[in-house]
1. Using a basic spin-label model with each label point 7 Å from the Cα along Cα→Cβ, how many nm lie between T42 and A97?
2. Given springs between every Cα pair under 10 Å in a Gaussian network model of the chain, which of A100, A145, A43 has the largest fluctuation?
3. About the Cα centre of the range 8-80, how large is the charge dipole given +1 on each Lys and Arg Cβ and -1 on each Asp and Glu Cβ? Please answer in debye to the nearest 20.
4. Scan the range 41-113 for chymotrypsin sites (Phe, Trp or Tyr not before Pro) in coil per DSSP, keeping those whose Cβ has at most 14 other Cβ atoms within 10 Å, and list them by number.
5. Can you tell me which of P114, P157, P144 moves the most in a GNM of the chain? Springs connect C-alpha atoms under 10 Å apart.
6. Through the Karplus equation 6.51 cos²θ - 1.76 cosθ + 1.60, θ set to phi - 60°, convert the phi angles of the range 55-67 into ³J(HN,Hα) values in whole Hz; use x for Gly and Pro.
7. Evaluated at 10 °C with a viscosity of 1.306 mPa s, what Stokes-Einstein diffusion coefficient in µm²/s does the range 41-117 have when Rh comes from the Kirkwood expression over alpha-carbon pairs?
8. How large is ³J(HN,Hα) for each residue in the range 19-33, as worked out from phi by the Karplus curve 6.51 cos²θ - 1.76 cosθ + 1.60 (θ = phi - 60°), to whole Hz, x for Gly and Pro?
Amino acid sequence: MLSGCSGGGKSTLLSALSDLGYTTINEPGRRVVEAEQASGGTALPWQDLRAFLTCVIALARADHEAARAHTGPVFFDRSLIDALTAWQHLTGSAELAPLAEQYRYARTVFLTPPWPEIYETDEGRQHGLEEAVAEYDRLLTAYPAHGYETILLPKAPVAERVDFLLGQLDLPNGGD
């Protein structure tokens with residue numbers, strides 16, 4: 001699991017892991033934004049955050065189910081925990097918290113820390129660094145609260161981050 005600060009290099013790292021042959025699952029939020037923008041929909045985080053999170057939660061659940069069909073490690077860019085944490089922050093309700101126990105991931109979660117030097121907004125990421133850091137702070141608490149061990153990824157070139165992550169998991173620098 002890769003989580004952490006928005007704009008911290010998760011997607012780039014995931015792409016590098018995919019290039020090595022590992023199974024990867026792209027961030028549900030980004031995919032929802034792309035689909036909504038393509039269709040003219042309004043389930044966008046800056047337009048209707050509740051509708052956006054509803055879509056992200058459904059997609060994260062489907063991703064989790066689909067990953068069961070793969071042998072070997074599967075690397076996720078964000079998880080249901082991220083979406084549930086955002087939902088609780090938005091609504092003040094832990095009504096969906098039981099989903100965190102139903103959809104478990106590997107115990108170790110790698111977090112990308114805030115990295116202002118590489119942070120960028122784009123069509124799919126319209127929030128600023130301050131909001132991204134606030135989300136990161138919530139995730140720092142949420143993952144351990146759900147029984148996950150977190151490891152901070154170093155602010156380093158992609159190849160070094162890949163080596164660090166794979167070394168922590170005792171995996172070869174190459175997929176199946």
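Coordinate-derived values only; no laboratory data. In this text the structure is predicted, and so the values were computed from the model without any measurement. Here Cβ is always computed from backbone atoms with ideal geometry, including for glycine, and neighbour counts include all displayed protein chains.
1. According to this spin-label approximation, the distance is 3.2 nm.
2. Its mean-square fluctuation being the largest, the pick is A145.
3. Values: 7 positive and 8 negative charges, 32 e Å.
Value, rounded to 20: 160 debye.
4. Values: sites: W46, F52, F75, F76, W87, Y103, Y105, F110; in loops: W46, Y103, Y105.
For chymotrypsin sites (Phe, Trp or Tyr not before Pro) across the range 41-113 that sit outside H, G, I, E and B with at most 14 neighbouring Cβ atoms in 10 Å, the list reads W46.
5. Highest fluctuation of the listed residues: P157.
6. 5, 5, 4, 4, 5, 5, 5, 5, 4, 4, 4, 5, 5
7. 114
8. Rounded to whole hertz, the list is 4, 7, x, 7, 6, 10, 10, 5, 4, x, x, 4, 5, 5, 4.
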